Amino acid sequence: MEHRILVAASPAGVRLARRIGWAIVWLVLAMISIDFLLTVHGKYRHLDAGAYALFWSRRGWLWTHLTGGALTILVGPLQFLTRWPRAYPRLHRWMGRFYMIGMLIACAGAIGLIATSPAPFEIRSAFAATALAWLTTALTALIAIRRGRVGPHRRWMIRNYLVTLSPITFRILLQVQLAMGLAPSPTMIAALLWLSWVLPLLIHEGVWRIVDLTHSASTQRAVPIIPN
């Protein structure tokens, strides 16, 4: 009787290229993230009203948000190292707890900033939507891992980290807008705040879908094996 064994058409060279590609992606993200943290935290290193502007009376909420956000931005990439969770599962879990604590601290600061902000409603609602997306993706990932579903947990944590990087994405989008000579109106700022996490999520889902389709097509290429 003829048997078929499904053989994935992914040679070692493709796997190596994929690892190198991911390493480059994480390296670029790390460089951008460190530059963002140094710029933002450096902006508020002088405790005076001129440096803080509208945040002076709310600097406690601001530093709560910045401290928690910095923790998540720095810890996040370490959680996505391929061999880390498998080789050091206990350390991975503890780093995950630190990540979640940082996120909750940042969200607490964000809620305080939103509640005391004099900004127009569209900007405050855009910030609130970002915080809600941040909490929702983290909660879904947490529920998945509590049920032992490692794959969905990893995917939801990737989504969560993309939302974590939304301030960095917003800064890039805003710089692009300024380079184009467009004045940042409240409506435009609100739109950029939405795009800063919606756009990366859409790109991620599109790329993931293409990868899934490619992988499915490759695994369907069966090699017939006839036993002796």
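Readers should treat all values here as calculations from the given coordinates under stated rules, not as data from a laboratory. It should be emphasised that the depicted structure is a prediction, and the values quoted were computed from it without experimental measurement. Heads up, the Cβs are rebuilt from the backbone with ideal geometry, glycines too, and the neighbour counts pull from every protein chain shown.
At-a-glance table
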| quantity | calculated |
| --- | --- |
| Within segment 91-186, trypsin sites (Lys or Arg not before Pro) in DSSP loop having at most 15 other beta-carbon neighbours inside 10 Å | ARG147, ARG149 |
| Gained length - TYR52 relative to TRP26, 0.36 nm times residue gap less alpha-carbon distance | 6.2 nm |
| Segment 50-167 shape via C-alpha gyration tensor axes, a/c threshold 1.5 | prolate |
| Cα centroid separation - segment 102-164 against segment 25-90, whole Å | 15 |
